[in-house]
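Report on one structure; see the data block that follows.
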Amino acid sequence: MLIRTGYDITFETVAPTPMSLLLSVHPSRQRDLRSPESLATDPQVSQRQSLDAFGNVCTRILAPAGRITLSADFLVEDSGLPDPVAPDARQMPVHELPDAVMPFLLASRYCDTDRLGDTAWQLFGQTPEGWARVQAIVDFVHARIRFDYQKADATRTAHDGYTQQVGVCRDFAHLAIAFCRCMNIPARYCTGYLGDIGVPAVPDPMDFSAWFEVYLDGRWYTFDARHNTPRIGRIVMARGRDATDCALSTSFGAARLVRFEVHTDAVTEADTARLGRAA
């Protein structure tokens, strides 16, 4: 399967403003690129790329005063298969976990496990360990939080999401991650592209999506508490402890978002040929 994806984002600044961007496809998916993934800026500015502490591709720019548009349009090859399901995947004892996985058991900025520990054990302490426990957490969070774009709140923590019972995809992910960590299951936050591929289209504006991964039986598995069903066509951009580590843009100064468009759609070889001729 081929997926055409990209974005068109405009910021407005009052002075030259340094920005750090996590808008590139994650290195684990870059082998699947079928056309160049280049970040275009208007006006053109210099770019510097590096890998951050979590292995995400970070691009640094100095946005000039005024408006700057960031855009990309490229093709990614995907298996076309839904997220893997492994009901027999076991929960590993903490002492058996690799060192690199341990940070994903700890509290973080948005995953305030210290405020949710007792609740987590009351809700899930009697569930079977492993995949079944994670699924029980996902089922609970999916039912607990009502999705509402208009209720997005950049300061909402996992505990806030639990009490307020409303939020956007990042809030579903944060609460599920926090519950998993409370139950000694390593969990990490993911952000990337997720189009309506293989499911009925929804009227909501296209956006980047957030989901999470848990470490079971020696590998990471994808879960999505907002949708609560295996999905096709996820393209991960960044992973980290929570949304703090995966912010798609961080400005070191005032930068007002004035335009935000994302696209991610399945296309055919014939479509790509026509696109090539049009270009």
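Relative contact order, whole percent, for the chain stands at 29, derived from Cα pairs under 8 Å and 6 or more residues apart. In plain terms, the chain from D196 to A65 could stretch by 43.5 nm, reckoned as 0.36 nm per residue minus the Cα-Cα distance. With all pairs of separate Cα atoms included, the chain yields a Kirkwood hydrodynamic radius of 19.7 Å.
Of all DSSP beta bridges confined to the chain, the antiparallel ones make up roughly 95%. The label-point distance for D148 and D204, in a model that sets each label 7 Å from Cα toward Cβ, rounds to 1.4 nm.
For F223, what charge total do you get from the other residues with a beta carbon under 12 Å from its beta carbon, if Lys and Arg give +1 and Asp and Glu give -1? Summing Lys/Arg as +1 and Asp/Glu as -1 gives +1.
Estimated from helices alone, the mean residue ellipticity of the chain at 222 nm is -5500 deg cm²/dmol (sum of -39500 (n - 2.57) over DSSP H runs with n ≥ 4, per residue). Note on the stretch 1-93: Kirkwood radius taken over Cα pairs, Stokes-Einstein applied at 10 °C and 1.306 mPa s, translational D equal to 102 µm² s⁻¹. Distance in nm between label sites at T244 and D8, each 7 Å beyond Cα in the beta-carbon direction? Between T244 and D8, the label points sit 3.5 nm apart. Couplings 3J(HN,Hα) for the stretch 15-32, derived from phi with the Karplus relation 6.51 cos²θ - 1.76 cosθ + 1.60 (θ = phi - 60°), are 8, x, 10, x, 9, 10, 10, 10, 10, 8, 4, 4, x, 5, 10, 5, 5, 8 Hz, where x marks Gly and Pro. Every Cα-Cα pair in the stretch 94-232 was counted, and those over 21 Å apart are 38% of them. For W121, W211, W220, W131, the sequence from fewest to most other C-beta atoms within 10 Å is W121, W220, W131, W211. Note on A100 and D118: the model spin-label points, each 7 Å out from Cα along the C-beta direction, lie 3.8 nm apart.
Across the stretch 226-264, the residues whose backbone nitrogen lies under 17 Å from the label position 7 Å along the beta-carbon direction of V45 are 248-260.
Computed from the coordinates by the stated procedures, all read-outs in this text should not be read as laboratory data. Since the model is a prediction, treat every value here as computed from it, not as a measurement. As a convention, Cβ positions derive from the backbone with ideal geometry for all residues, glycine included, and neighbour counts pool all protein chains shown.
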